[in-house]
Structures are given as C-alpha cells and as structure tokens.
1. Taking into account only those residues within segment 310-343 that are free of Cβ contacts under 8 Å to residues at least 60 places away in the same chain and surrounded by 19 or more Cβ atoms within 10 Å (Cβ to Cβ), which is farthest from Leu203 (Cα to Cα)?
2. Filter segment 242-263 for residues that are out of contact with any helix residue (DSSP H, G or I) (no Cβ under 8 Å at 6 or more places or on another chain) and at negative phi and give the result.
3. Of all the residues that make up segment 28-39, how many are modelled with pLDDT of 95 or more and farther than 15 Å from Asp87 by Cβ?
4. Of everything in segment 247-296 that's assigned by TED's automatic domain parsing to the domain that holds Asp229 and in a strand (DSSP E or B), which residue is nearest to the chain's Cα centre (by Cα)?
5. Of the conditions (1) over 19 Å from Ser59 (Cα atoms); (2) β-branched (Val, Ile, Thr); (3) crowded, with 18+ Cβ neighbours inside 10 Å, Val292 clears all except one; give me its number.
6. Mind listing just one residue for me: the one in segment 115-172 that is among the hydroxyl-bearing types (Ser, Thr, Tyr) and free of Cβ contacts under 8 Å to residues at least 60 places away in the same chain and, of those, nearest to Leu201 (Cα to Cα)?
7. Within the group Ser59, Ser122, which residue is touching a strand residue (DSSP E or B) at 6+ places or on another chain (Cβ under 6 Å), surrounded by 19 or more Cβ atoms within 10 Å (Cβ to Cβ) and of a type in the set (Ser, Thr, Tyr)?
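The values are calculated or read from the model by the stated rules, or taken from the named source; none is laboratory data. Since we're looking at a predicted model, the values are computed, not measured. Every residue, glycine among them, receives a Cβ derived from its backbone with ideal geometry; neighbour counts consider all protein chains shown.
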Amino acid sequence: MVKKLILFLEMHQPRRLRHGVLNKLCDLRHYEVNESIINSLIFNDEVNREILNRVADKSYVPTLELIRDLSNEGFKAAISISGALIDQLLMWRPDIIDLLRELVKKGTIELVAEPYHHSLASFISGDLFLEELRDHVEITRSLFGQVPITFENTEFLYRNDWGALMERAGAAVVLTEGVDWVLGWRSPTYVYGAPNLKIRLLLRHYRLSDDIGFRFSNRSWDQWPLTADKYMAWIRATPGDFVLVGLDFETFGEHHWRESGIFDFLTWLPKEAHRADVDFAHPSSLVNEEPVDFLDIPSAISWADVEKDDSAWQGNELQRIALNHVASIGNLMKVHGLEKTWKYLLISDHYYYISMKHGPSGEVHSYFNPYNSAFTAFKTIEDVVVGITCALVNAGRNRGRYHEIK
C-alpha cells in the first residue's frame, strides 16, 4: 500500500491579450515600434493585474501562509511557478515571491522547472524548448536559490523526444500524466523509466487528483463532502509506492472558494496523513529508485481534458493556424528586439482559448476563456500577429527612407 504522497501544484497566470489592436499596431510610427509601446498595446495588463491581485488575495497568500503553518507537521509540496507568472508577480505582487522564498528556504517546497512562459515551445523546435527550460532553471536559481532537478513540460505534456530534451536541460525526474493507454495494466503509483534515458518518470494519479481539483465542490458527487480523513484512507488503500496528486495551485481559494471548505481540507491533510502512516515527499526524493518498467510514449500526452493528449491546444484547425502564424514571425520579432514579446505569444493559454470542444472538456475551456468564444480568441491573436508584422514592415521601410534622406 502507498506510503508516500507527492503533492504537485502548478502556479501560472497567462499574460492575456487585448482584443482589436490590429489598426493601432499598423498605425504606429517607426520610432514608436519598440517593446514598451507594442507590449502596452497587445497585452491587456489592466485586466491581468486585476486578475492577479484577486487570485493572490483569494488563493496565493492564504494557501502559502497555510503551507508555512503546516510545514511543522511534515507537510511538503512541489511547486512550479511559470516565468509568465513570475514576471507579473515581480511587477505587481512581490509579496508572493517573498512567501515562496521563505518556503523554499525552509525546505517545505521543491521547485519544479518548466518552459519559462508555460508555452508550446516544444511544438516549435527542440532548441526553443531547451532555451525555455534553461531560462526557467536560471530564474528559479537566481530568485529562489534552488536549481531544479524535477521538470515538467507545460500542462504535463510529454513525448519520448521531449523527455530527452528535458534530460539535456538538467532533469533527473520528469512529471507527467498517468494516461491509461500508456500504462495499460500498470499503475501510476510506481517509478518508471524512459527508453534510453536516465530520467525517472513520475505519473500523476488523475482520479485522485480530480477528486480534489474538479469534484471537491460538487454536491451531486456521491462522495461529497470530501474530508481529509476519507481522502487519506483512499490514498493509503491504493496499491503502489506513492501517489502523485497534481493540481492547479488556484484550486485552493479560486477554483474552490474558501466557503467550500477547501482550506479546512488542506489544514487537516497532514494530520490525517500521519494517522494513515503516509508521508509527504518531494519528487526528487525518488530519483535513485529503480524503475519498475520503461514507458515508450511516441505521441503527446498531457493532463488536459478527457483526451489527455495535445488536443486542448492543437485539436482544431484554428489552433494550429494560430500557432503556425505566431511561429512564423519569430525571427522578424527577434531582429527588432521583440523576442521576449514573441515568447509571450507562445503561452499555451492563448491556444487553449481557441478550443471548440463540447461536453465536460468544453465546459472547462469555457470557464477559463476571457473571450466570449473560440473565434474571438482566434481573431485576437491573429490581429496581434498581423498587426505586429504590419508595424515592423512599415517601420523597416520608414527607417530606410529616413536614412536615404539623410
């Protein structure tokens, strides 16, 4: 029976785009085409700041303060903080950075590396994916004094070749989804290896994760209310060596409000874990465990949607067109000093909003979508791509004329 619980929490907020900016971008004068002005036009930072402050007050601050209190009871967690969120926290909520630093210093949390911008870089090129991973390792080292050896791709995306690239970037442990078609008869509660690699694969137990992430506040669920003692009994009764529970950090206080009892649940979790003889553990603590088997994963898996593949971001033609168009202007934007802005355009959320799925997956997409439809989301990012291209081409022409006149 399981003796270890690994709790992984993903902290991420996208930098949402402003709708209807095409004409404003095309009308820029050549001396106005710079990172500051373009960013002020394309990013809806009034909304981004408002949402960040709300999430910080409802989720980040109370949860991190609670984790600090629980650390004396043996509580541990692994947390990945996207670079896109770190950038916003440094601008608007540095108090969250301070709380995280305190927990890292105490040894309560292990930081997990991911693509810096929580991006779809792995779909663009191996070099870009490596760059994003290494940038995230560096910001984690410089801000928090910890060099991660546990990695994830955005939203637990994984494929054999991506695993190899994560290993090159410094990964010893990689977190991904316990997908049924990959596991077959096997269980996600053991350490696995990847063919021809040294990394250890730890797989999320999606049923036990979704019991908290999606079902906790569902009063029609036959197991509602979910209490800490009931949950730990399920963990303890699970065959295997460990359970990896992976959640959005915002599960606590934002997706499930304080009134749902989610903070009481978290408060009692370490107490009930102790009673059940289950220890909280960091992913890296399993780095030297021998794998029970090796998993060949030639096509993309993830923790998103019912399908648990890459269809949350690349499942329809509009999503694929949008990503291809953004990828196509990368070199142009780099030449004009807009590489950082370009990488923001690769944030996975922009493509998630363009999903046109129905059913339970579609409901989740709609919950997170700041636009009124997938088509509006598509038009928003397309206007940004066309508008930036227009601005840069016009600026190049005008600069050329200016130099000819001189």
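1. Out of the qualifying residues, it is Met333.
2. Glu259, Ser260
3. Total satisfying the criteria: 4.
4. Asp248
5. Status for Val292: all satisfied but (3).
6. Checking each candidate, the answer is Ser122.
7. One residue alone meets the criteria, Ser59.
Residue-by-condition table, conditions (1) within 30 Å of Asn153 (Cβ to Cβ); (2) buried (at least 20 other Cβ atoms within 10 Å of the Cβ); (3) aliphatic (A, V, I, L, M); (4) at pLDDT 95 or above:
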| site | (1), (2), (3), (4) |
| --- | --- |
| Asp210 | yes, no, no, yes |
| Ala237 | no, no, yes, yes |
| Gly246 | yes, yes, no, yes |
| Arg258 | no, no, no, yes |
